[in-house]
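Participant: The structure's right below; bear with me while I get my questions together.
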Amino acid sequence: MQKSIKLGDKNIEYQVKTSHRAKNMRLSIYADGRFIVTRPYRLGDSAIECFIKQKSTWILSKIKKIGPIGPLISPAEDRKKYLRYKEDARRLVEEKVNYFNKIYSFKFNRIAIRNQKTCWGSCSRRANLNFNYKIIFLPERLADYIIVHELCHLKELNHSRHFWDLLAQSIPDYLEIRRELKKTRN
């Protein structure tokens, strides 16, 4: 259900999702401009508006970070783009994993290329490496950082000092690259 609310001088469009499992309301703002309120099934519209107004400072700051939002890509267009670039992304990732794993010699099961909305990569406890297909559009140094980051999670499934030391073996300027990556939307 699409709705709108005025916050300050902005008219904000948002979508409401009702969940039977949710115990509390939740706000989600995505890089593509979607703003979603998830509510427990028992709460009405007035509770949602009150909640949004209470969180207005946070909402407006997040929207400001996103910047001007262009037309949203339809799910069909997004899927078409994913299918078009998926294999190119797979070749890039596999080449880079093989290159950097010469340093580490970690064992992994498989590499998956996905159309993720909120993350660039992940590593599972089963030693599966997952990467967002949009990695192919990043500058090489950012892509290298993401790939080595997930590769290092094969040894350390956390962000301990040991993990960052492992990462620094291949990406000594990782702190600078992390800052740069945080400014990039996927």
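Participant: If only one of Ser28, Ser46, Ser61 is in a helix (DSSP H, G or I) and at pLDDT below 85, which one is it?
Facilitator: Ser61
Participant: Then there is this: When you scan the range 69-77, do you find a residue that is at pLDDT 85 or above and either farther than 26 Å from Lys183 by Cβ or not acidic (Asp, Glu) (or both), even just one?
Facilitator: Within the range 69-77, not a single residue is at pLDDT 85 or above and either farther than 26 Å from Lys183 by Cβ or not acidic (Asp, Glu) (or both).
Participant: Please work out which one of (1) among the basic types (Lys, Arg); (2) surrounded by fewer than 11 Cβ atoms within 10 Å (Cβ to Cβ); (3) within 30 Å of Glu140 (Cβ to Cβ); (4) at pLDDT below 85 is the condition Arg34 fails and give its number.
Facilitator: Only one criterion in (1) among the basic types (Lys, Arg); (2) surrounded by fewer than 11 Cβ atoms within 10 Å (Cβ to Cβ); (3) within 30 Å of Glu140 (Cβ to Cβ); (4) at pLDDT below 85 is unmet by Arg34, namely (2).
Participant: Okay, next question. With respect to the numbered conditions (1) in contact with a Ser or Thr (Cβ under 9 Å, 6 or more places away or on another chain); (2) closer than 17 Å to Cys152 by Cα; (3) touching a residue at least 40 places away in the same chain (Cβ under 8 Å), which one is the sole condition not fulfilled by Leu129?
Facilitator: Exception for Leu129: condition (3).
Participant: What's the number of the condition Gln15 fails, among (1) loosely packed, with under 12 Cβ neighbours inside 10 Å; (2) under 26 Å from Cys119 (Cα atoms)?
Facilitator: Looking at each condition in turn, Gln15 falls short on (1).
Participant: What are the residue pairs meeting all of these: first residue in the range 13-26, first residue within 14 Å of Arg42 (Cβ to Cβ), second residue not in a strand (DSSP E or B), Cβ atoms under 6 Å, and 6 or more apart or on different chains?
Facilitator: These pairs meet every condition: Val16/Met1; Thr18/Tyr41; His20/Tyr41; Met25/Phe51.
Participant: So, Arg84, is that one modelled with pLDDT of 90 or more, surrounded by fewer than 13 Cβ atoms within 10 Å (Cβ to Cβ) and assigned to a helix (DSSP H, G or I) or not?
Facilitator: So Arg84 passes the test.
The values are calculated or read from the model by the stated rules, or taken from the named source; none is laboratory data. This is a predicted model, so every value here is computed, not measured. With ideal geometry, Cβ positions are generated from the backbone for all residues, glycine too; neighbour counts draw on all protein chains shown.
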